[in-house]
Ligand SMILES: Nc1ncnc2c1ncn2[C@@H]1O[C@H](COP(=O)(O)OP(=O)(O)OP(=O)(O)O)[C@@H](O)[C@H]1O
Ligand SMILES: [Mg+2]
């Protein structure tokens, strides 16, 4: 079972690259589904076929290729709407203190939830699922969602359901926070379990690869670098980059001008992305539409390499034990020290990089330690923890 997620800035060629990769996967004998989570679907256009909300066979490939455009506008399960409504109510009622409210990375959105649940439903039925994601910002929201829901579970639902049931009238009165009806609890719990499953799948290096698509232009590259950092911060592994729309070197003066400007950007890729493999996709004279054109493009991009291979990448987060301290190490490739901020709060570490934030639940051994300094070096943030004698004895 393999999941390949393609993301990147708007218009760089995510859909085309996903579609081409899926064609190649099917040609190599894998039962393949290409699934679009972008509400602005164009997967069907790339194949020149009609695709629906359920997997639809895409004809013309020897092998098994299906496509699906998740209908994120689909009538939403009533229970989730209620959950969302409740979460909002709690926040508005001030049940979460303002500093914590500021920590909220994501208010779960309907579209992301639906896309993740659909991915979970499909993943076991296929050898390979290629996901054509929405542009970066939405994708990051999507991928941050399962963990963000954990945050809600811990903060907004801190009490046992049974206790709440018996005490609801009193608590509502005392706390000034509306207590959720039982069915909301049940819905939240189910959703939490399902989204935790998806997260486990998406951070499993044997299953999931995140691939960044970019075009060799300064502005696009700058965003790709930020995305690379943010994905790592959330624990996702980018193990491949596709540089799309690369001009040939032998053209007229106009094309040669572009080719040489692109070359200097391409030269910088190795510096930015280190050992992550970089595939190049040629700028074609016409839009690659349909399985034949997409298959040829994939042949050009991957040559003899295997886009489905599992590629070794550094652990996103580790805890190392030394003689008298622990070191929590978080991969933050390309991050600039000046935009990294770190706050310890009880059993959590609030990590902010630029405009992105992750609330990391500390591994239990670290909850009984005091944080004792942090350093950003070689693309990793290392936070030192010393056992707290008081907490250690008690724990
Ligand atoms: N290598 C290429 N050569 C020529 N045309 C290309 C190439 N890659 C993509 N295109 C064309 O560029 C347009 C945008 O590509 P695509 O839809 O794949 O981008 P996207 O990143 O999915 O965009 P969006 O952010 O809107 O989802 C399409 O018309 C596509 O056919
Ligand atoms: Mg697209």
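May I ask you to say which residue of 56, 32, 16, 7 is more than 13 Å from ligand 2 (Cβ to nearest atom) and under 22 Å from the mean Cα position of the chain (by Cα)?
Working: 56 fails: under 22 Å from the mean Cα position of the chain (by Cα); 16 fails: more than 13 Å from ligand 2 (Cβ to nearest atom); 7 fails: more than 13 Å from ligand 2 (Cβ to nearest atom).
After applying the criteria, what remains is 32.
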Inset, instruction - Give me a count of the residues in region 1-17 that are within 13 Å of ligand 1 (Cβ to nearest atom) and either free of Cβ contacts under 8 Å to residues at least 12 places away in the same chain or in a loop (DSSP other than H, G, I, E, B) (or both). - result: 6
Inset, instruction - Give me a count of the residues in region 205-241 that are within 16 Å of ligand 2 (Cβ to nearest atom) and surrounded by fewer than 23 Cβ atoms within 10 Å (Cβ to Cβ). - result: 3
Inset, instruction - Consider only pairs whose beta carbons are under 7 Å apart and that are at least six residues apart or on different chains; among these, list those whose first residue lies in region 28-48 and is closer than 19 Å to residue 309 by Cβ and in contact (Cβ under 8 Å) with a residue 24 or more places away in the chain and whose second residue is within 12 Å of ligand 2 (Cβ to nearest atom) and assigned to a helix (DSSP H, G or I). - result: 34/18; 34/19; 34/43
Inset, instruction - Restrict the check to region 129-144 and report whether at least one residue is in a loop (DSSP other than H, G, I, E, B), in contact with a strand residue (DSSP E or B) (Cβ under 7 Å, 6 or more places away or on another chain) and at pLDDT 80 or above. - result: yes
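Table: residues versus (1) touching a helix residue (DSSP H, G or I) at 6+ places or on another chain (Cβ under 6 Å); (2) part of a helix (DSSP H, G or I); (3) away from ligand 1 (no atom under 11 Å from the Cβ).
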site: 19; (1), (2), (3): yes, yes, no
site: 25; (1), (2), (3): no, yes, yes
site: 40; (1), (2), (3): no, no, no
site: 44; (1), (2), (3): no, yes, yes
site: 49; (1), (2), (3): no, no, yes
site: 54; (1), (2), (3): no, no, yes
site: 60; (1), (2), (3): yes, no, yes
Legend entry - Total residues in region 37-53, condition at pLDDT 95 or above and either under 20 Å from the mean Cα position of the chain (by Cα) or near ligand 2 (Cβ under 10 Å from one of its atoms) (or both): 3
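Given the options 118, 100, 89, name the one that is modelled with pLDDT of 75 or more, more than 16 Å from ligand 1 (Cβ to nearest atom) and more than 14 Å from the chain's Cα centre (by Cα). Steps first, answer last, please.
Details: 100 fails: modelled with pLDDT of 75 or more; 89 fails: modelled with pLDDT of 75 or more.
118 is the lone residue from the list that is modelled with pLDDT of 75 or more, more than 16 Å from ligand 1 (Cβ to nearest atom) and more than 14 Å from the chain's Cα centre (by Cα).
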Legend entry - strands (runs of 3 or more DSSP E) fully within region 286-379 counting 3 or more residues that are surrounded by fewer than 16 Cβ atoms within 10 Å (Cβ to Cβ): 317-321, 340-345, 369-377
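The values are calculated or read from the model by the stated rules, or taken from the named source; none is laboratory data. A quick note: this is a predicted structure, and the numbers were derived from the prediction, not measured. Virtual Cβ from ideal backbone geometry, glycine too; neighbours counted across all protein chains shown.
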